[in-house]
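All remarks here apply to the structure that follows.
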Amino acid sequence: MAAFLDSVPISGIIRIRDMMYTVDKPFRLDQGDVVFDAPDTVKDAIIKAVHENRTHYLPTTGVPHLLALMADKLKSKNKVPVGGPEEVMVTTGGIHGQFLACQALLEPGDEVLVPDPCWPPTASIIQTSQAVPVHYALYEDRQWRPDVAEIASKITPKTKAIVVTTPHNPTGGVLTRKDIEDIAALAIEKNIWVLADEAYEDFVWEGTHVSIASLPGMYERTIPMHTLSKSYAITGVRVGYIAVKDKTIRSRAQKLLLYTATNVSSIAQYAAIGALEGSQQCLETFRTGLLERRAMFFKGIRDKSNGVLTGEASAGAFYAFLKIKPGWKSPLGANPSLSWAMTEYLIKEGRVGCIPGADFGPRGEGYVRLCYARGTEELKGALEQIGKLLS
Ligand SMILES: Cc1ncc(COP(=O)(O)O)c(C=O)c1O
């Protein structure tokens, strides 16, 4: 039975991470980790939780006060008509929420529409449910948005769900309200579920974030999947959450939460209470810092990469998904994949961490992803290296 897991791929991001450990003084633009320190609201909550001996078992779905904060946030900020805290569950980061949602929803052989390119674990998690990811394209000349009519043409009697990721990793694309409305109408017409990945909801530079579950008739067929990792710069603390209206799916997800974790770490949950209950000023501070870095980084790429790497400043998230000039030849020799050739060249010769576009799906080939949520000196250093290597 378990042998099917042998065919589930491990993301190339891990291969890159291992490569980066062999590099002296690396520029870590490869991983999607924000350089900022956690806000004091989070640090103080952790210390307080330790001193108050909050180190014991908890209700499986989460600390009741945290569930109430999450339900309120979903209602007030995301405009999702969540019935109450009982519909929410705290997960070990966003990835665990995706795992619970897929395992609770999907049957073997179900098809799930996923964007191409896409954050690699999305498709792999679908495969761990023995379901089948089916790609729908995102187009660079549409600011990395899909063609909804084309999505409709991919729906078959086996289609169970569609993954909607906005803002998007790796491209930084942000769906418009019209895109979201069209996808919602399609989901209702074809009776399919939506898995809404909102990990980057706080990082929208152009347009606004629309939670698809906020649209009429959508929450009942949508599982909104959130994480505090990126918004509060606490990727290592591991807190995410999902909300499920459907009682059957919710009860399955709760069982999976129980049998995979008992409960999410108590200290992590109190950290999350600090994040959600405390001042939200850090979101503004991080956003300002990221906007500056975005302007600086895309300009640097334009000025220094000699046209070898190109791309418009993305509408959301904190990645540059850059097109590699077709025909570019790596001085390190031939490589069947242009994106791997560029990645190996930048890492081995320039110490600049990045992820090959091919790792995000077939349409990612020919691109490379760099994360600009790093220190300004680190970004400047990486740009200098790119300048030296590509000029
Ligand atoms: C699109 C997307 N969704 C979800 C996640 C999960 O985040 P985490 O499990 O670190 O909370 C990530 C992390 O990089 C992501 O890029």
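Helix 12-21: angle to the longest alpha-carbon principal axis of the chain, degrees 0 to 90, nearest 10? So the helix axis and the longest Cα principal axis differ by about 60 degrees.
Working ranking of peptides 22-30, 363-371 by packing, defined as the average number of other Cβ atoms within 10 Å per residue, highest first, is 363-371, 22-30. The angle between the Cα long axis of helix 247-261 and the main principal axis of the chain comes to about 70°, on a 0 to 90 degree scale.
Net charge near Gly333, counting Lys/Arg +1 and Asp/Glu -1 over other residues with Cβ under 15 Å of its Cβ? Please list the in-between numbers first.
Details: positive: Lys329, Lys348; negative: Glu344, Glu349.
Every neighbour counted, the sum reads 0.
Per-residue 3J(HN,Hα) values for segment 304-317, derived from phi via the Karplus relation 6.51 cos²θ - 1.76 cosθ + 1.60 with θ = phi - 60°, read 10, 8, 6, x, 6, 10, 9, x, 6, 4, 6, 6, x, 6 Hz in sequence order (x marks Gly and Pro).
Which shape class applies to segment 3-144: rounded if a/c is under 1.5, otherwise prolate when a/b exceeds b/c and oblate if not, where a ≥ b ≥ c are the square roots of the Cα gyration tensor eigenvalues?
Details: a/c = 1.70, a/b = 1.22, b/c = 1.39.
Note, shape of segment 3-144 comes out oblate.
Each Lys and Arg Cβ is given +1 and each Asp and Glu Cβ -1; about its Cα centre, the chain then shows a dipole of about 260 debye. Residues with beta-carbon under 14 Å from that of Asp147, excluding Asp147: net charge, scoring Lys, Arg +1 and Asp, Glu -1? Here the count lands on -1.
Answer rounded, prolate or oblate for segment 40-277, using the Cα gyration tensor with square roots of eigenvalues a ≥ b ≥ c: rounded when a/c is under 1.5, else prolate when a/b is larger than b/c, else oblate. Here segment 40-277 falls in the prolate category. All other residues whose Cβ lies under 14 angstrom from that of Ile267 are scored, Lys and Arg at +1 and Asp and Glu at -1, for a net of +2. Quick check: Cα centre of segment 16-43 to Cα centre of segment 114-144, how many Å? Cα centroid to Cα centroid, the span is 25 Å.
Is there a pair in Lys43/Lys79; Lys43/Lys247; Lys230/Lys255; Lys304/Lys348; Lys190/Lys230; Lys79/Lys245 whose C-alpha atoms are over 25 Å apart, and which pairs would that be?
Details: Lys43/Lys79 29 Å; Lys43/Lys247 35 Å; Lys230/Lys255 27 Å; Lys304/Lys348 19 Å; Lys190/Lys230 33 Å; Lys79/Lys245 14 Å.
Checking Cα-Cα distances, Lys43/Lys79; Lys43/Lys247; Lys230/Lys255; Lys190/Lys230 exceed 25 Å.
The peptide list 271-277, 150-156, put in order of mean Cβ contacts within 10 Å with the highest first, becomes 271-277, 150-156.
Of the DSSP beta bridges with both residues in the chain, give the percent that are antiparallel, rounding to the nearest 5. Please list the in-between numbers first.
Details: 18 of 37 bridges.
Around 50 percent antiparallel, to the nearest 5.
Highest mean first, the peptides 294-304, 63-73, 6-16 sorted by other C-beta atoms within 10 Å per residue fall in the order 63-73, 294-304, 6-16.
Converting phi to 3J(HN,Hα) with the Karplus coefficients 6.51, -1.76 and 1.60 and the offset θ = phi - 60°, segment 70-83 yields 5, 4, 5, 5, 4, 6, 7, 8, 8, 6, 8, x, 5, x Hz in sequence order, with x at every glycine or proline. Its DSSP H runs of at least 4 residues, each contributing -39,500 (n - 2.57), put the calculated 222 nm mean residue ellipticity of the chain at -12500 deg cm²/dmol, to the nearest 500.
In order along segment 374-385, the Karplus-derived 3J(HN,Hα) couplings, from 6.51 cos²θ - 1.76 cosθ + 1.60 at θ = phi - 60°, round to 10, x, 5, 5, 4, 5, 4, x, 5, 5, 4, 5 Hz, and Gly and Pro are given as x.
With respect to the chain, whose longest principal axis is taken over its alpha-carbon atoms, helix 338-350 is tilted by about 70°.
Bear in mind these aren't lab numbers, they're just calculated from the coordinates by the rules spelled out. Remember, predicted model here, so these are calculated numbers, not experimental data. Note that each Cβ is placed from the backbone with ideal geometry, even for glycine, and that neighbours are counted across all protein chains shown.
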